[in-house]
Amino acid sequence: QKQAIKRIEMLINMMDTHLSTYVPKLMVLLMHAIRKEHLVGEGLAVLHVFIKQLVKISPSSTKHIISQVFAALVPFLERDKVNSSLHLNKIVEILEELMLQNKFLLKQHIHEFPPLPKIPALAELNKVIQEAQRPRSLKEQLLDVANGLNHENLNVRYMVASELGKLLNQRREEVTVLAIKEGNQNMDVLSSLFSSLLRGCAEESRTSVG
């Protein structure tokens with residue numbers, strides 16, 4: 001069975017852009033592996049590889065698995081909150097990959113999560129959960145978008161641009177008021193957003209020409 005898990009890891013690395021097609025089946029296999037005591041270590045290692053590839057190739061697909069992964073990993077942390085879990089470091093790496101790398105895209109999912117056990121290794125993740133649960137102003141949301149548009153991953157930038165379109169449609173009147181209202185803070189927010197959009201357009205042009 002451990003050899004089978006290793007073969008799954010090889011396939012994940014070979015699938016490239018086709019990976020998103022097999023997300024449901026791979027999740028079934030990996031969730032099964034981490035529930036088996038003798039496969040937990042290997043299962044977590046391959047789950048981490050899978051999530052890293054998914055974040056890179058198809059960040060939008062992480063929306064469909066984040067709650068399932070969170071629900072599967074938290075029991076390990078709850079069970080061993082007094083004595084550090086044998087697999088704590090790997091679990092933290094997996095959750096950080098999901099929750100820190102894609103904060104903007106996954107915020108609506110993260111805000112539903114309960115706090116994690118209060119141990120130092122989980123402090124940053126708990127901070128992200130608390131931040132996602134706090135009501136956010138339009139300016140804060142637009143700044144999040146500007147940061148997301150500067151993400152190194154092109155797929156993430158596409159997703160953030162799509163989310164920006166939805167935000168502008170949903171809060172059109174507020175955005176108009178923000179744009180015509182005088183104030184350095186408002187101008188800083190919009191300037192940051194415009195700069196990120198223009199930078200993205202320039203990079204897209206170079207990619208197309210190249």
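Given their separation in residues at 0.36 nm each and the Cα-Cα distance between them, K118 and M10 gain 35.3 nm when the chain is fully extended. Derived scalar couplings between HN and Hα for region 57-68 equal 8, 9, x, 5, 5, 5, 4, 7, 10, 4, 5, 5 Hz in order, rounded to whole Hz, by the Karplus curve 6.51 cos²θ - 1.76 cosθ + 1.60 (θ = phi - 60°), x for Gly and Pro. Between Q101, Q130, Q53, the Gaussian network model of the chain with springs among Cα atoms under 10 angstrom shows the greatest mean-square fluctuation at Q130. Within the accessible area of the chain, what % is carbon and sulfur when the probe is 1.4 Å and the other protein chains stay in place? Whole-percent figure for carbon plus sulfur exposure: 54.
Projected label points at Y22 and K103, each 7 Å from Cα along the beta carbon direction, are separated by 3.3 nanometres.
Compared with the dominant Cα axis of the chain, that is its longest principal axis, helix 88-99 is turned about 30°.
Projecting the Cα positions of L164, V92, A179 onto the charge dipole of the chain (unit charges on Cβ atoms of Lys, Arg, Asp and Glu, taken about the Cα centre) puts V92 furthest along the positive direction.
Applying the Kirkwood pairwise sum to the alpha-carbon positions of the chain produces a hydrodynamic radius of 19.0 angstrom. Each of Q101, I34, A45 was placed along the dipole of region 34-111 (beta-carbon charges, centred on the mean Cα), and the one lying farthest toward the positive end is Q101. Only Lys, Arg, Asp and Glu carry charge here, each on its Cβ (+1 for the first two, -1 for the last two); on that basis the chain has a dipole of about 420 debye about its Cα centre.
Taking 0.36 nm per residue of separation and subtracting the current Cα-Cα distance, fully stretching the chain between E173 and M187 would add 3.4 nm.
The values are calculated or read from the model by the stated rules, or taken from the named source; none is laboratory data. Since we're looking at a predicted model, the values are computed, not measured. Neighbour counts are summed over all protein chains in view; Cβ atoms, including those assigned to glycine, are modelled from backbone coordinates with ideal geometry. With ligands, DNA and RNA removed, areas are computed over all heavy atoms of the protein, side chains included. Shrake-Rupley method; radii C 1.70, N 1.55, O 1.52, S 1.80 Å.
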